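Visitor: Next up is a structure, given as structure tokens.
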Amino acid sequence: MAVDAPALETAADHLKAALKNGGNIVVFTGAGVSKESGIPTFRDAQTGLWASYDPQDLATREGFTQNPKLVWDWYDSRRNTVWDTTPNPAHQAIAELETLIETSYPTCGFTLITQNIDNLHRRAGSKAVLELHGNIFRYKCLNYGHPYSPELMPDLGEHRPPKCPHQNCNSDIRPDVVWFGEMLPTQTLEQAFTAAQEATVMLVVGTSGVVHPAASLPVVANEAGAVLIEVNPEPSELSLIMDCYLQGPAGKILPTLMTEN
Ligand code: BV8
């Protein structure tokens, strides 16, 4: 799929202008940015042992309390998949953009907002990452949110999930991610909305725009006058408000966009 050259040039021009004028660049990513690292998106059908389960049932408090071991094992399987993979050129291009702005455009702002929990942006070197939905490599207990470190995990065997060691707690340990029906971390979400309101350009990369409140961030940016550039092989729920649509895989488009700047 050849990238549409005029659209790419327009997007590059918007980015160049924002950098030249001390604008604020926001990058908003979803599961699609990790697709080329081999991480299935939420829209992809689940495979193997998980083929008969809907992520939206497993990624809930109810799903966990009804079957803690099943949900624990699902996250363990996803964690192992992520652990065995590496950031792809899309993650790297975003990290390079942050570094370029830090070193060459100090009057510009840069914010990376991700819906992903796979930690691949950080592994690619991104520093200012707002993780709206948590991080699959962080743990906490179900009842009080006591942080839990994986070093404490002995060989769990049949005792999955582990129990919270906090005095008088002993509740199940869960991944520190935001499940459907749970509130997003307040401070992180506030920072994300502020960045969206102050954005000059927002790159919207690899998201179907279905999951809220995350999906309202590009709408806020658009209403605040930002230029919106979508990178996605397919149109999304957000495509109607985009100023520029770069159709194709992020791992190909973002590095090309970066070389234009
Ligand atoms: C909440 C962590 C308040 C867990 C996740 C009706 C309307 C509006 C909202 C709702 C509603 N009904 C219910 C809600 C609320 C609900 C929601 O939005 N539901 C949706 C499904 C309708 N939201 C919530 O529950 C949120 N909390 O609202 O709290 C509240 C509190 C109490 C009671 C009521 C309300 C919490 C949402 C957070 C859920 N947790 N992740 C985990 O991962 O296990 S969200 C999860 O979904 C992932 O984070 C993932 O990022 C996200 C899916 O979205 P995308 O990232 O966009 O991924 P997707 O697969 O959808 O799309 C991938 C895209 O990539 C596609 O467009 C594809 O074309 C593209 N692509 C593919 N390949 C590439 C590519 N792009 C670029 N390059 C490629 N190579």
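The values are calculated or read from the model by the stated rules, or taken from the named source; none is laboratory data. Model, not experiment: these values are computed from the prediction. FYI the Cβ positions are ideal-geometry reconstructions off the backbone, even for glycines, and counts take in every protein chain you see.
Visitor: Can you tell me which condition Phe42 does not meet? The list is (1) within 19 Å of Leu120 (Cβ to Cβ); (2) in a loop (DSSP other than H, G, I, E, B); (3) out of contact with any Pro (no Cβ under 9 Å at 6 or more places or on another chain), and all the others hold.
Guide: Every condition holds for Phe42 apart from (3).
Visitor: Residues to consider are Ile39, Ile101; find the one that is among the β-branched types (Val, Ile, Thr) and in contact with a Phe, Trp or Tyr (Cβ under 7 Å, 6 or more places away or on another chain).
Guide: Ile101
Visitor: Of all residues in segment 31-86, which are hydrophobic (A, V, I, L, M, F, W, C), more than 10 Å from the ligand (Cβ to nearest atom) and without any contact (Cβ under 8 Å) to a residue 40 or more places away in the chain?
Guide: Hits for segment 31-86 are Ala45, Leu49, Trp50, Ala51, Leu70, Trp83.
Visitor: A further question follows. For segment 205-218, indicate whether the set of residues that are at pLDDT 95 or above, more than 15 Å from the ligand (Cβ to nearest atom) and not small (Gly, Ala, Ser) is non-empty.
Guide: So far as segment 205-218 goes, no, none of its residues is at pLDDT 95 or above, more than 15 Å from the ligand (Cβ to nearest atom) and not small (Gly, Ala, Ser).
Visitor: Would you kindly identify the helices (runs of 4 or more DSSP H) lying entirely within segment 82-197 that contain at least 1 residues that are touching a strand residue (DSSP E or B) at 6+ places or on another chain (Cβ under 8 Å) and either at pLDDT below 95 or over 19 Å from Ala221 (Cβ atoms) (or both)?
Guide: In segment 82-197, 89-104, 120-123 are the helices (runs of 4 or more DSSP H) which contain 1 or more residues that are touching a strand residue (DSSP E or B) at 6+ places or on another chain (Cβ under 8 Å) and either at pLDDT below 95 or over 19 Å from Ala221 (Cβ atoms) (or both).
Visitor: Which residues, taken from segment 31-49, are modelled with pLDDT under 95 and in contact with a strand residue (DSSP E or B) (Cβ under 6 Å, 6 or more places away or on another chain)?
Guide: Matches in segment 31-49: none.
Visitor: Might you let me know whether segment 50-68 holds any residue that is at pLDDT below 95, assigned to a helix (DSSP H, G or I) and more than 25 Å from Pro185 (Cβ to Cβ)?
Guide: Yes, segment 50-68 contains at least one residue that is at pLDDT below 95, assigned to a helix (DSSP H, G or I) and more than 25 Å from Pro185 (Cβ to Cβ).
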